[in-house]
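Colleague: Structure in structure tokens, see below.
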Amino acid sequence: NTKDVVTEFMKQNSSIKYIFEKKTGLSHARNRGIMEAGGEIIAFTDDDVYFDINWSSEVIKAFNEHPDVWSIGGKNIPLFSSKPDWLSDDFFGIYGDIRFGDEIRYMEFPSLPFGLNMAFKKEYFQKVGLFNPGLGRYKNCLISGEDNEIFYRGHCCRDRKSTRLNSSHIPLSRMPSS
């Protein structure tokens, strides 16, 4: 019922628009969003993420304060309704907890943010191209590497610093209890 949810938000904010991508897979959806985007900053997240009310303002502020970067990434903290006893903190990286510390700093490949909290200047995609759908998950294919690959292409350009880790306004990812 995504369309219904978005339609309700559209009633409250006329700048929101709903676009349906027929091709299956995250990369196809992201690429469609990039092509449809009218703004200069494109942010990606997941459907199970809670954000601080100032998250988008902080992303814009980070780009304004650091015009030498193409992308901004940030921390994520897995939020369990009840963390399973068997789950060690060592495995939080699987859930997007990147554990790069609290320092706001530049990141260079192979250090990179997770797709649930990353934003790019639109010009990044004009320089390096779009996400590679062949590396993403779809239907019964569980490959997952389009985020790594897009950051690698940016790293190879060397025109700018790739990514800045912005630790303020950390999103919380909802995790099921089992």
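Colleague: Please work out the FRET efficiency for the pair ASN13 and SER81, using the Cβ-Cβ distance as r and a Förster radius of 22 Å; give the result to the nearest 0.05.
Modeller: 0.15
Colleague: Distance in nm between label sites at ASN54 and ASN140, each 7 Å beyond Cα in the beta-carbon direction?
Modeller: Between ASN54 and ASN140, the label points sit 4.9 nm apart.
Colleague: Okay, moving on. Tally Lys and Arg at +1 and Asp and Glu at -1 over the other residues with C-beta under 15 Å from the C-beta of PHE20: what net charge comes out?
Modeller: Net charge in that neighbourhood comes out at +3.
Colleague: Projecting each Cα onto the charge dipole of the stretch 20-79 (Lys/Arg +1, Asp/Glu -1 at the beta carbon, about the Cα centre), which of LEU26, ALA62, ALA43 comes out farthest on the positive side?
Modeller: So the residue we want is LEU26.
Colleague: Just to be sure I understand the model, the point goes 7 Å from the Cα along the line to the Cβ. What's the resulting ASN64 to PHE20 distance in nm?
Modeller: Reported label-point gap for ASN64 and PHE20 is 3.8 nm.
Colleague: While we're looking at this one, here's another question. So how much accessible area does MET35 have, in Å² to the nearest 10, using a 1.4 Å probe?
Modeller: Approximately 130 Å² for this residue.
Colleague: Give the aspartates and glutamates reachable from LYS22 as a straight Cα distance under 15 Å; neighbours fewer than 8 places away on the same chain don't count.
Modeller: Candidates past the 8-residue exclusion: GLU36.
Colleague: Say each of VAL5 and TYR152 gets a label point 7 Å from the Cα, pointing the same way as Cα to Cβ; how far apart are those two points in nm?
Modeller: 3.2 nm
Colleague: Next question. Taking a 31 Å limit on the Cα-Cα distance, which of the listed pairs LYS3/LYS139; LYS11/LYS127; LYS61/LYS139; LYS23/LYS121; LYS17/LYS83 fall beyond it?
Modeller: LYS11/LYS127; LYS61/LYS139; LYS17/LYS83
The values are calculated or read from the model by the stated rules, or taken from the named source; none is laboratory data. The structure displayed is predicted, hence computed values, not measured ones. As a convention, Cβ positions derive from the backbone with ideal geometry for all residues, glycine included, and neighbour counts pool all protein chains shown. Keep in mind that these areas ignore ligands, DNA and RNA; they rest on the heavy atoms of the full protein, side chains included. Shrake-Rupley method; radii C 1.70, N 1.55, O 1.52, S 1.80 Å.
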